[in-house]
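Undergrad: Have a look at the structure that comes next, please.
Every number in this text was worked out from the coordinates using simple rules, so none of it is lab data. Treat the numbers as computed from the prediction; the structure is a model and nothing was measured. Reconstructed Cβ throughout: ideal geometry from the backbone, glycine too, with neighbour counts over all protein chains shown.
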Amino acid sequence: MKLLEKLGISRRSMPLIATFVVFIALYVYGGISYRNFFSARVFFNLLTDNAVLGITAVGMTFVIISGGIDLSVGAVISTTAMAVAVMTQAGVPNGLVIPIALLYGTVLGFLMGFIIEYFKAPPFIVTLAGMFFSRGFGYVLSLSSVPIVYEFYAKASAFGLKIGNGRFTIPGIALIVVIIAAIFLSRSTKFGRNIYAIGGSEQSAVFMGLPVFRVKVLVYTLSGFCASLAGFIYTFYTLSGYGLAGIGLEMDAIASAVIGGTLMTGGYGTIFGTLIGTLIQGLIKTIISFNGQFSVYWIRLFTGGMLLLFILLQKAFVAGTAGMKKAEG
């Protein structure tokens with residue numbers, strides 16, 4: 001700790017610093033081990049390929065910081081994409097398709113947040129019910145894959161700003177825009193500060209007169225919006241809707257937040273850390289892809305190992321912080 005203080009590094013910064021060090025180490029390892037790994041193409045593909053996960057993880061980060069959890073996001077992504085496919089196939093104008101698709105997750109998130117707060121219901125159970133509802137609704141729309149035959153989506157899928165030998169695509173641009181907006185929301189607004197206060201101690205937040213009910217409902221609403229936005233972006237990849245898409249993605253989003261330094265106990269986390277956590281998962285996939293000798297199942301193995309490592313790091317962080325407060329007291 002004394003060494004960290006001499007370097008001007010606070011204990012609160014340790015989870016984020018550890019995440020960034022892991023990211024740099026993986027990136028350097030990939031660059032040393034594989035030809036063209038440092039190219040612009042690989043970097044921008046990293047943003048594109050992980051845009052859906054990153055956007056979803058942003059909403060999940062806010063929920064976890066507030067002390068909650070949202071298990072519905074993967075199902076919302078698939079159902080949003082399915083809704084877009086079904087509506088476009090039915091001839092609904094795209095000017096209506098987009099807002100309806102985005103409203104789906106937003107409204108579902110609002111309802112889940114309201115039920116959690118009004119009835120003091122466990123977030124795990126309520127969002128699990130939301131996951132079943134959303135997945136079931138997607139199956140009702142169609143049991144098979146539904147193609148999106150609409151010029152707008154084909155053009156959006158092919159669009160990309162040429163940078164070096166890479167392409168900065170719409171999903172990658174959307175991810176960066178969402179990250180910037182989320183950082184501003186978390187750091188520069190009363191709503192963002194209230195989320196941290198509530199996650200740190202909800203009882204203290206109530207005594208301080210903070211609008212706990214409204215903030216927590218809005219947090220789940222924001223998570224639902226991010227999931228629907230991710231589902232809309234997902235259509236640019238596949239140009240179709242599929243009811244089985246996004247299975248397990250809620251766990252990947254939680255992993256991105258935790259690897260990025262967000263405490264599962266609430267009250268601490270950064271959007272930038274979540275972005276790095278998302279890119280770390282993407283780097284693991286990219287390295288395995290370049291290697292060509294490992295099965296895709298190794299991705300889960302490495303992600304699980306890192307998740308365990310960062311949870312242990314968080315435990316040390318929390319224990320050390322508590323020890324410092326006790327010593328100061």
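Undergrad: Picking from GLY192, TYR242, TYR153, whose Cα lies most toward the positive end of the charge dipole for the chain (charges on Cβ: Lys, Arg +1; Asp, Glu -1)?
TA: The residue sitting farthest along the positive end of the dipole is GLY192.
Undergrad: Might you report the magnitude of the Cβ-based charge dipole of the range 1-130 about its Cα centre, with Lys and Arg at +1 and Asp and Glu at -1, to the nearest 20 debye?
TA: With Lys and Arg at +1 and Asp and Glu at -1, about 520 debye.
Undergrad: A follow-up question, please. I need the helices of the chain that pass two filters: whole DSSP H segments spanning 20 Å or more by Cα along the axis, and mean Kyte-Doolittle score no lower than 1.6.
TA: 14-33, 51-65, 94-118, 170-188
Undergrad: Report relative contact order for the chain in percent, whole number only (criteria: Cα-Cα under 8 Å, sequence separation at least 6).
TA: Averaging sequence separation for qualifying contacts and normalising by length gives 34 percent for the chain.
Undergrad: Once Lys and Arg get +1 and Asp and Glu get -1 on their Cβ, which of PRO123, ILE100, THR19 lies farthest toward the positive end of the dipole of the chain?
TA: THR19
Undergrad: If the label point is 7 Å along Cα→Cβ of ASN94, which residues in the range 224-241 have backbone nitrogen under 18 Å from it?
TA: 229-241
Undergrad: Next question. FRET efficiency for LEU143 and PHE114, Cβ-Cβ distance as r, R0 = 30 Å, nearest 0.05?
TA: With a Förster radius of 30 Å, E is 0.45.
Undergrad: Given +1 on the Cβ of Lys and Arg, -1 on the Cβ of Asp and Glu, and no further charges, what dipole in debye does the chain carry about its Cα centre, rounded to the nearest 20?
TA: The dipole magnitude comes to about 740 debye.
Undergrad: Hey, any idea what the orientation-averaged projected area of the convex hull of the range 232-275's Cα atoms comes to, in nm²?
TA: Its average projected convex-hull area is 3.9 nm².
Undergrad: Helix-derived [θ] at 222 nm for the chain: sum -39500 (n - 2.57) over DSSP H runs of at least 4, divide by residue count, nearest 500?
TA: For the chain, the value works out to -25000 deg cm²/dmol.
Undergrad: I'd like the FRET efficiency for LEU161 and VAL107, computed as 1/(1 + (r/R0)^6) with the beta carbon distance as r and R0 of 45 Å, rounded to 0.05.
TA: 0.85
Undergrad: Any chance you could run the full-extension gain for LEU309 through TYR237? It's 0.36 nm times the residue separation minus the Cα-Cα distance, nm to one decimal.
TA: Extra length from LEU309 to TYR237 when fully extended: 22.7 nm.
Undergrad: Now for a different question. Count of lysine pairs in the chain with Cα atoms under 23 Å apart, counting only pairs 8 or more residues apart in sequence or on different chains?
TA: Close lysine pairs under the 23 Å cut-off: 9.
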